[in-house]
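The values are calculated or read from the model by the stated rules, or taken from the named source; none is laboratory data. Since the structure is predicted, the reported quantities are computational estimates derived from the model, not experimental observations. When we count neighbours, we look across all protein chains shown, and the Cβ atoms used for this are built from the backbone with ideal geometry, even at glycine. Just the protein is used for accessible areas: all its heavy atoms, side chains included, with ligands, DNA and RNA removed. Shrake-Rupley method; radii C 1.70, N 1.55, O 1.52, S 1.80 Å.
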Protein chains: 2
Amino acid sequence: MTFFPECPLPLDEYPRVLLAHGGGGRLTQNLIERVLLPSFDNPFLAPLHDGALLDVDGGRLAFTTDSYVVQPPFFPGGDIGRLAVFGTANDLAMCGARPLYLSCSLIIEEGLPMEDLWRVIVSMKEAAVEAGVQVVTGDSKVVERGKGDGVFINTAGIGAVLSGLDVGSQRVQPGDEIVLSGSLGRHGIAIMALREGLSLDAAIESDSAPVFPLVEALVDEGIDIHMLRDPTRGGVSSSLNEIAGKSGAGIVIEESRLPVGPEVQGVCEILGLDPLYVANEGNFLAFVGAGQGERAVEVLRGYSLGREAVVIGRAVEEHPGVVIMKTLIGGERIVDVMSGEQLPRIC
Amino acid sequence: MTFFPECPLPLDEYPRVLLAHGGGGRLTQNLIERVLLPSFDNPFLAPLHDGALLDVDGGRLAFTTDSYVVQPPFFPGGDIGRLAVFGTANDLAMCGARPLYLSCSLIIEEGLPMEDLWRVIVSMKEAAVEAGVQVVTGDSKVVERGKGDGVFINTAGIGAVLSGLDVGSQRVQPGDEIVLSGSLGRHGIAIMALREGLSLDAAIESDSAPVFPLVEALVDEGIDIHMLRDPTRGGVSSSLNEIAGKSGAGIVIEESRLPVGPEVQGVCEILGLDPLYVANEGNFLAFVGAGQGERAVEVLRGYSLGREAVVIGRAVEEHPGVVIMKTLIGGERIVDVMSGEQLPRIC
């Protein structure tokens, strides 16, 4: 190597990686957009957040990966194994693809109870059946005590893009209606309530679930889908900001339309969290053609997972790249990207 | 869930995961073959160690994954980033596939010097160019100090199976000649010498390198390849035992033919290691049709990476499933699977 390029992040400002570089907010965005993406610059990386679209041997495939480090690994409504299967299957669905095959790679900390590992594996197996995918290849590594944390799981996935479907931020345009398929923040709040030891009347369950059937139903109904995105780490606010930034469209959402369950709302108030920034694992945002939002909602409500679907806003020509919320009291405020590490290791 | 299946490993014997479950020896084999493989039982998992062969939209693809936890992350001849790119590209090559696309997922420990992360990313970028692959999708997570170890990297890969090529343990048959494309143990010994702080006249460099061009050359030359395998974790002994076990063939290798460099031999003697059990990252085993071994060697020696290629033995009808070595002093001994955690975190 004759020339070593300079790090695009100023090292005097960020000499070390911080937890916030993984929290889904502004520092995460910095790391991804300034360090990682430019390094591997190629036409596949740009258009979608959740995966790459590839033409291989005549087929159009989606390819995606995620590592799961959620803490604690077992929680109401799921566990790290279900999350690892559904999360990656959902990323494929967000590429407009039918999830087909997953890989599974484990990094296990020495001393993990074998029974915990077994619970996770059984859970992945069941989740794979539920999501209609096959785990076809894998790997396992063990690191010393204190060099890991129980178990980390990576899943990568391959899916087949649905015929005629073309989603990407470049297709977002003013007039698009923004549909949210389920209520906000259930995954993040399930984890946070558990971590904080909150004693609730009824445990809040993670919404962790496979969303592909809902995407397919929209396609079958002829809805013109321009963009899909599952608002996981960083929540709906981060997803919308990213889409606004990439597409150059402005986005307006209406607070009165945001579906937030009373239990989630209650815990958010106790912990000082905004549900717009909390991670979801079983819903998605769909940008659909002007005038198609209500029909999309109707389709989604035919599914138990989509029964809270709602149009939350639209893309506009004004304030390009910026997300604005019309508040309950009739004002407007900018919905910004989260700036700290509100919820580390949420997925 | 109404019925929770019992763990196939006796929990009283193995209540917790041990380092040896990741070292590439017998316990690793137990974990993979008794816990992981049966859980995800499907026709894709069985035939190959290194990846799955998939028919997607008319194309025949290979799909593989590996997580890299090597310690230390920077070593003579490479680093964790190069390893993550070449290792997964090589697994695709071992499926008989041209490596095309990689995913990259990072699990970073809070506090990692940003400069180290940057070095790893730059190294991955250069390695991807060298291996002819594109990194098309990725993920990054950050875990708290003391819950990780610098950086762990997962890469999954997609390759296109070379036309007419069909490799798998089911194709191994008595009479096959076994070609090894390069000398033994350089990766593992480079890491171990560094860890043990051995002061050597010249640092031993890892052999980490992309092997696909050598596989392609064999195919272009019309060599009938029955099985390919890169002897990484657990070394040549583990790979041969696995192939013998799966194919039901017996295997005989000749000690006099094993290529071991004098520096590697020296360090092995100091550390009490057997080069047959030490990890490699830039060579591979090819089982080729009877009578084709020497021609394969000739082809491989046309490449700088293959200049030490040699026929090390053959598959036989006798002692099915067992690997025998004819020793230098004219005896025979069984080459068994490694039983402990000789070399943890070697890749």
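From the helices alone, meaning DSSP H stretches of at least four residues, give me the mean residue ellipticity at 222 nm for chain A, per-run term -39500 (n - 2.57), in deg cm²/dmol to the nearest 500.
Calculated at 222 nm, the ellipticity per residue is -8000 deg cm²/dmol.
Determine, from the Cβ-Cβ distance of B:GLU115 and B:ARG145 and an R0 of 30 Å, the FRET efficiency 1/(1 + (r/R0)^6), rounded to the nearest 0.05.
My answer for the efficiency is 0.95.
Quick one: if the Förster radius is 35 Å, what FRET efficiency do B:ASP57 and B:ASP166 give, using the C-beta to C-beta distance and rounding to 0.05?
0.95
Restricting to Cα pairs below 8 Å that are 6+ residues apart, what does the relative contact order work out to for segment B:22-103? Please round to a whole percent.
Taking the mean separation of contacting Cα pairs over the length of segment B:22-103, I get 23 percent.
Among residues other than B:GLY291 whose Cβ falls under 11 Å from its Cβ, what is the net charge (Lys/Arg +1, Asp/Glu -1)?
Net of charged neighbours comes to -2.
Please report, to one decimal in angstroms, the Kirkwood hydrodynamic radius of the protein assembly as shown built from all distinct Cα-Cα pairs.
It is 26.0 Å.
Averaging over every viewing direction, what projected area does the convex hull of the Cα atoms of segment B:169-334 cover, in nm²?
9.3
If the only charges are +1 at each Lys and Arg Cβ and -1 at each Asp and Glu Cβ, what is the size of the charge dipole of chain B around the Cα centre, to the nearest 20 debye?
Computed about the Cα centre, the dipole is about 180 debye.
How high is the FRET efficiency from A:GLU332 to A:GLU6, r the C-beta distance, R0 45 Å, rounded to 0.05?
0.65
Please give the per residue accessible area of chain B, computed with a probe of 1.4 Å over protein heavy atoms only, in Å².
36
Within 9 Å, Cβ to Cβ, of B:GLU109, how many net charges do the neighbouring residues add up to if Lys/Arg are +1 and Asp/Glu are -1?
0
Express the relative contact order of chain A as a whole percentage, based on alpha carbon pairs under 8 Å and six or more residues apart in sequence.
23
Per-residue mean of other chain beta-carbon atoms within 10 angstrom of the beta-carbon, peptide B:160-168?
Average neighbour count from other chains, rounded to a whole number: 0.
What are the distances, in nm and sorted shortest first, from the label point of B:PHE4 to the label points of the same position in each other copy, with each label point placed 7 Å from Cα along the Cα-to-Cβ direction?
5.0
Net charge near B:VAL267, counting Lys/Arg +1 and Asp/Glu -1 over other residues with Cβ under 11 Å of its Cβ?
Result for the neighbourhood of B:VAL267: -2.
Tell me the label-point distance for the pair A:ILE270, B:GLU294, using the 7 Å Cα-to-Cβ offset, in nm and rounded to one decimal.
Here the answer is 7.9 nm between the modelled labels.
Averaged over its residues, how many other protein chain Cβ atoms are within 10 Å of peptide A:37-43's Cβ atoms?
Partner Cβ neighbours, averaged per residue: 5.
Could you give the length gained on full extension between A:VAL129 and A:ARG257, defined as 0.36 nm per residue of separation minus the Cα-Cα distance, in nm?
Computed gain between A:VAL129 and A:ARG257 is 42.7 nm.
At 1.4 Å probe size, with the rest of the protein present, what percent of the exposed accessible area of segment A:169-334 is carbon and sulfur atoms?
After summing per-atom areas, the C and S share lands at 47 percent.
Can you tell me the order of B:58-70, B:142-154 when each peptide is scored by its average per-residue count of other Cβ atoms within 10 angstrom, highest first?
Top to bottom by mean Cβ count within 10 Å: B:58-70, B:142-154.
How crowded by other chains is B:56-62, given as the mean number of beta carbons from other chains within 10 Å of each beta carbon?
6
With a 1.4 Å probe, what is the total accessible area buried between chains A and B, in Å² rounded to the nearest 100?
Between A and B, the summed buried area is about 7800 Å².
If I build a Gaussian network model for chain A, linking alpha-carbon pairs within less than 10 angstrom, which residue out of A:ALA20, A:ALA97, A:ALA209 has the largest mean-square fluctuation?
Largest GNM mean-square fluctuation: A:ALA20.
Send over the per residue convex hull volume for segment B:49-161, Cα only, as a whole number of Å³.
Per residue, the Cα convex hull of segment B:49-161 comes to 102 Å³.
Ratio of chain A's C-alpha Rg to 2.2 N^0.38 Å, to two decimals?
Taking N as the residue count of chain A, the ratio is 0.97.
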